[in-house]
Ligand SMILES: *Cc1c(COP(=O)(O)O)cnc(C)c1O
């Protein structure tokens, strides 16, 4: 298999390479079209080559155009290659031969689409050849594409991996999300500090999307409710005087891997509804009225950049309701087109997977549509709702559990609040039946949290209405059942199940690491791309010297490429002969980038003290965005930058240690990082990381992991064996135990290494010009209430890092362990995860 990067170094600057007379794109296109006046079987008019020539010749009006225009023409032609199969997929699915799945998510962290689409369509080589004619190459074209950064981190990237796996497993799954005009912010580092800049990903247009105006729906807000009695005992609720916002769908194609299925990611954009704004509110003031259109369009303006925390902003609730209502109206309209208004089959043919509680307002919204719009009775509507909804929980962190103020929601969505209260009243009867006379159970389990202002507990709403509740790794699901959701587990044990996360092997191995992919295919054939369990076949070659050498050589070349990238992005010189030790992920205290930095300072001190024996020279890379309002996370970024600066500017240190903070970590950065990583840092406080998926991408690409017994690390260790995994630190139950009497001051005093590091930090060594800026960080480490227990794991972490160094110095065993890690990564294909969702949730009888 060859892919873009194999041929990246072909020199295409000379037009004569292509055999064309001209190196002007327009002229090349004209020549190609002239060569094919009637097209032919071997080069049909709708093939990629002629399609591209046509887009360039007829749609770009001027003779000179920039790389964005050329990219757009290319992407439009690649999309054209999908249109017929996209239509066929839609026609087939509209016949409802089987259940349809709607994956509802406020985030889809898609990254770039070009390379992945070509891989799925098996057109990579063809595209490379065609671009030669235009004196450019595929790799350059791929770099032009803006990441679709419509997500924060793991949760949004999971949704993107799932869409890829669903299409590749030939499943009728539609992703529903929001077309944010501004995705995840662009992170700049200025004087070591994070600065946020808007992500204008749509500024050169989005060639992949198709606006489907005639599938627009209207989403109501505000107004009030009225109750009408049409016949005795039959009350009918109406929500009136609403302000309606139009939801316009933009569809993106999701190609399955070489199987002709093209699924859809449907992203909603908010637009003003002309009648309302212009007539009712602003009579007489035309220009003001037009200006207020912005209020509607604000709903889909920007992604909230909080990972693993909530901010309770009204606009965020609007986004959640907007997505949920628009998507459900869409699903109901589709169903009605086929079955009419007989909803008895609805739950046979529809299931909605809620990606966290963000879209859980879909529960009362489905009830509202069935009750108020289609006239069903409560019991019938509730039966349908509870047969369709499935909920995935992503976190145990209390700051990430969504609770919405009842007065706020009453004002914005009065009918929805009425329905939630009714759901709760009926649910509390079930609780009272199970635990008679237990008032505390009622308070604990109520969907409405009392005490001060009332709040709606969105997770409870989701659990009550769902037939399936899943966690995202074994430990996480176990902790949900024992802790956070224990009452609900006692009430409904059968709802709870585990679906360990995964990542797509197309993007995260075949596409991002073409050299390793072709080495693997050389040994095993290429079936592994669809069945990652076949990678265990690599174990047969760990004693094959030539193979191990090739394996090591590819890692080295990937490290050379990463060295270039780091130089470009950070201005720091890495050396591919040193160990590449990488931690990239959102910056959060629970992920403990701080523990990593403390270890770097420890190594730095050892080097300054001349204690360089057994140090394996290493380059430490840290990258990730902090939520803009998360002060501690931002200080950790500043500390990483300052420590890096001190290390890199001391020539006594750089032979042993170098460090860089990579700005603007995103999907396309990870595609370069994970193939070139030796050591993957997965060092969260045990019990806090629900699963992690970065850990899996590194493992697939042959990195070794240093990690705690947390999230999916536990299952990775199970697969690869503890002799091939660098385990350290307290486990989840030890963390809970230690917390009771936690005394970090004493731990520091008893550790020579940690007290040395703490003294160096306190001395202001890393912030001579900005005294005091790290006090908050220093205090957090010595605080007995430090939730993340950084001091508790420090010594164990350093000892294990010493073992990492020792192992790295023995390259033969390191490379064998690397092969074993890739070989054992098959379980973490999202194909595997999605097969679980399919068999145990979506299609379960
Ligand atoms: C995989 C991925 C993540 C998730 O990383 P974790 O280490 O699991 O937190 C976040 N952001 C991007 C861009 C990713 O590709």
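The values are calculated or read from the model by the stated rules, or taken from the named source; none is laboratory data. The model shown is predicted, which means the values in this text are computed figures rather than measured ones. Counting neighbours? That spans all protein chains shown, and the Cβs are built from the backbone with ideal geometry, glycine included.
Here are a few things to note about the model shown:
- Test: residue 589 is closer than 25 Å to residue 305 by Cα and within 13 Å of the ligand (Cβ to nearest atom): no
- Scope region 594-610; condition more than 17 Å from residue 758 (Cβ to Cβ) and either within 16 Å of the ligand (Cβ to nearest atom) or in contact with a strand residue (DSSP E or B) (Cβ under 7 Å, 6 or more places away or on another chain) (or both); matching residues: 607
- Residue within region 619-641 that is in contact (Cβ under 8 Å) with a residue 60 or more places away in the chain, closer than 20 Å to residue 804 by Cα, within 15 Å of the ligand (Cβ to nearest atom) and buried (at least 21 other Cβ atoms within 10 Å of the Cβ) present: no
- Helices (runs of 4 or more DSSP H) wholly inside region 358-420 containing at least 2 residues that are modelled with pLDDT of 95 or more and over 17 Å from residue 323 (Cβ atoms): 378-388, 406-412
- Within region 659-676, tally of residues that are over 18 Å from residue 587 (Cβ atoms), buried (at least 24 other Cβ atoms within 10 Å of the Cβ) and in contact with a strand residue (DSSP E or B) (Cβ under 7 Å, 6 or more places away or on another chain): 1
- Selection status of residue 556, surrounded by fewer than 21 Cβ atoms within 10 Å (Cβ to Cβ) and within 16 Å of the ligand (Cβ to nearest atom): no
- Any hit, region 79-89, residues being farther than 15 Å from residue 253 by Cα and surrounded by fewer than 19 Cβ atoms within 10 Å (Cβ to Cβ): no
Residue-by-condition table, conditions (1) under 22 Å from residue 395 (Cα atoms); (2) within 19 Å of the chain's Cα centre (by Cα):
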| position | (1), (2) |
| --- | --- |
| 668 | no, yes |
| 675 | no, yes |
| 681 | yes, yes |
| 684 | yes, yes |
| 693 | yes, yes |
| 699 | no, yes |
| 703 | no, no |
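- Single unsatisfied condition, residue 684 versus (1) over 30 Å from residue 520 (Cα atoms); (2) surrounded by fewer than 21 Cβ atoms within 10 Å (Cβ to Cβ): (2)
- Residue check for residue 747: under 28 Å from the mean Cα position of the chain (by Cα) and assigned to a helix (DSSP H, G or I): no
- Residue 701 in contact (Cβ under 8 Å) with a residue 40 or more places away in the chain and in contact with a strand residue (DSSP E or B) (Cβ under 8 Å, 6 or more places away or on another chain): no
- Criterion: closer than 30 Å to residue 650 by Cα and either crowded, with 24+ Cβ neighbours inside 10 Å or within 16 Å of the ligand (Cβ to nearest atom) (or both) - qualifying residue of 748, 706: 706
- Selection status of residue 648, in contact with a strand residue (DSSP E or B) (Cβ under 7 Å, 6 or more places away or on another chain) and more than 15 Å from the ligand (Cβ to nearest atom): yes
- Leading residue by the ranking (farthest from residue 109 (Cα to Cα)) among those in region 305-343 that are touching a residue at least 60 places away in the same chain (Cβ under 8 Å) and not in a helix (DSSP H, G or I): 312
- Qualifying residue in region 331-350 (condition: closer than 23 Å to residue 158 by Cβ and within 22 Å of the chain's Cα centre (by Cα)): no
- Among the residues listed as 231, 293, the single one being surrounded by 14 or more Cβ atoms within 10 Å (Cβ to Cβ) and over 30 Å from residue 167 (Cα atoms): 293
- Residue within region 144-158 that is closer than 20 Å to residue 512 by Cβ and over 20 Å from the mean Cα position of the chain (by Cα) present: yes
- Qualifying residue in region 683-702 (condition: at negative phi, part of a strand (DSSP E or B) and within 15 Å of the ligand (Cβ to nearest atom)): no
- Among residues of region 714-742, those that are more than 35 Å from the chain's Cα centre (by Cα) and either in a helix (DSSP H, G or I) or surrounded by 14 or more Cβ atoms within 10 Å (Cβ to Cβ) (or both), counted: 0
- Tally of residues being under 28 Å from the mean Cα position of the chain (by Cα) and at pLDDT below 95 across region 788-845: 1
- If you filter region 654-682 down to residues that are in a loop (DSSP other than H, G, I, E, B) and over 26 Å from residue 810 (Cβ atoms), you find that the one that is farthest from the ligand (Cβ to nearest atom) is 663.
Conditions tested, residue by residue: (1) over 30 Å from residue 554 (Cα atoms); (2) touching a helix residue (DSSP H, G or I) at 6+ places or on another chain (Cβ under 8 Å).
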{"residue": "797", "(1), (2)": "no, yes"}
{"residue": "809", "(1), (2)": "no, no"}
{"residue": "812", "(1), (2)": "no, yes"}
{"residue": "818", "(1), (2)": "no, yes"}
{"residue": "825", "(1), (2)": "no, yes"}
{"residue": "842", "(1), (2)": "yes, no"}
